[in-house]
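Q: Mind looking over this structure? Questions follow.
The values are calculated or read from the model by the stated rules, or taken from the named source; none is laboratory data. What you see is a predicted model, and the numbers here were worked out from it, not measured in a lab. So basically every Cβ, Gly included, is an ideal-geometry build from the backbone, and we count neighbours across all protein chains shown. All accessible areas refer to the heavy atoms of the entire protein, side chains included, with ligands and DNA or RNA removed. Shrake-Rupley method; radii C 1.70, N 1.55, O 1.52, S 1.80 Å.
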Amino acid sequence: MADKIKIATVSLAGCFGCHMSILDIDEKIIDLVELVEFDRSPLTDIKQVSECDIGIIEGAVANAENVEVLKDFRKQCKTLVAMGACALSGGIPAMRNHFTLEQCLRESYVNGTGLENSCIPDDVELPMLLNKVYPVHQVVKVDYVMPGCPPPADMIWNLLTALLEGRKPEFSAEDIRYD
Ligand code: SF4
């Protein structure tokens, strides 16, 4: 094994389910902590990504802040991994691509059941939504992908150990899921 490597992770338009799958590595997470150091990640309280060996992206790209964060990750991380169906293809967040942004906002905030005196939120603090949701590779170059919703913990473990050992990750047929 090489020296400790630095990993950053982020959830863009995702549900954190892929990050839960990282925790599903179970007791091997203790081995992982011996091997890696976490930079920006929901697992730490670091807000900005710095120079890292591996960046792992969960979720699709749905707003201007997602684009900015993703570009930062691409700039700072030697290897970028798209983790899970949302990052790979847009997944569930991209279901809104069948409608216009205006239709989605009106359905959610104006016409939805049980809403009274409703209005579409409009605050400078809110990130600007993109007209469409994009998979990660349509915004930046991606080095590896892990399909699945979420990818199984064994796949995440295999990818990390392969990269740690300087090998190209290879996944078994059982690990690869497109659900
Ligand atoms: Fe959640 Fe599945 Fe998307 Fe991962 S791929 S962020 S588990 S919906």
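Q: Could you list, in sequence order, all residues of the stretch 8-45 that are more than 16 Å from the ligand (Cβ to nearest atom), under 16 Å from the mean Cα position of the chain (by Cα) and open to solvent by 20 Å² or more (accessible area, probe 1.4 Å)? I'd like the intermediate steps shown before the answer.
A: Going through the stretch 8-45, the residues more than 16 Å from the ligand (Cβ to nearest atom) turn out to be 8, 26-40, 44-45.
If we keep only those that are under 16 Å from the mean Cα position of the chain (by Cα) as well, we get 8, 38-40, 44.
If the condition is that a residue be more than 16 Å from the ligand (Cβ to nearest atom), under 16 Å from the mean Cα position of the chain (by Cα) and open to solvent by 20 Å² or more (accessible area, probe 1.4 Å), then Phe38, Arg40, Thr44 are the ones that fit.
Q: Counting just the residues of the stretch 89-100 that are assigned to a helix (DSSP H, G or I) and loosely packed, with under 14 Cβ neighbours inside 10 Å, which one comes out farthest from the chain's Cα centre (by Cα)?
A: His98
Q: Can you pull out every residue in the stretch 101-123 that is touching a helix residue (DSSP H, G or I) at 6+ places or on another chain (Cβ under 7 Å) and either surrounded by 14 or more Cβ atoms within 10 Å (Cβ to Cβ) or among the polar types (S, T, N, Q) (or both)?
A: Scanning the stretch 101-123 gives Cys104, Ser118.
Q: Applying the selection to the stretch 1-15, what residues are within 17 Å of Phe73 (Cβ to Cβ) and not aliphatic (A, V, I, L, M)?
A: As a first pass, look at the stretch 1-15 and keep what is within 17 Å of Phe73 (Cβ to Cβ): 5-14.
Hits for the stretch 1-15 are Lys6, Thr9, Ser11, Gly14.
Q: Right, next: With the checklist (1) hydrophobic (A, V, I, L, M, F, W, C); (2) within 16 Å of the ligand (Cβ to nearest atom); (3) assigned to a helix (DSSP H, G or I); (4) in contact (Cβ under 8 Å) with a residue 60 or more places away in the chain in hand, flag the one item Val69 doesn't pass.
A: (4)
Q: Something else now. May I ask you to verify whether Tyr178 is closer than 20 Å to Phe73 by Cα and touching a residue at least 24 places away in the same chain (Cβ under 8 Å)?
A: The answer is no for Tyr178.
Q: Anything in the stretch 72-104 that is charged (D, E, K, R) and away from the ligand (no atom under 14 Å from the Cβ)? List them, or say none.
A: Asp72, Arg74, Lys75, Lys78, Glu102
Q: Please tell me if Val69 is touching a Phe, Trp or Tyr at 6+ places or on another chain (Cβ under 6 Å), open to solvent by less than 40 Å² (accessible area, probe 1.4 Å) and modelled with pLDDT of 95 or more.
A: Numbers: touching a Phe, Trp or Tyr at 6+ places or on another chain (Cβ under 6 Å): no; open to solvent by less than 40 Å² (accessible area, probe 1.4 Å): yes; modelled with pLDDT of 95 or more: yes.
It is false that Val69 is touching a Phe, Trp or Tyr at 6+ places or on another chain (Cβ under 6 Å), open to solvent by less than 40 Å² (accessible area, probe 1.4 Å) and modelled with pLDDT of 95 or more.
Residue-by-condition table, conditions (1) within 16 Å of Leu80 (Cβ to Cβ); (2) within 16 Å of the ligand (Cβ to nearest atom); (3) under 17 Å from the mean Cα position of the chain (by Cα); (4) part of a loop (DSSP other than H, G, I, E, B):
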| site | (1), (2), (3), (4) |
| --- | --- |
| Arg106 | no, no, no, no |
| Asn111 | no, no, no, yes |
| Pro151 | yes, yes, yes, yes |
| Glu170 | no, no, no, yes |
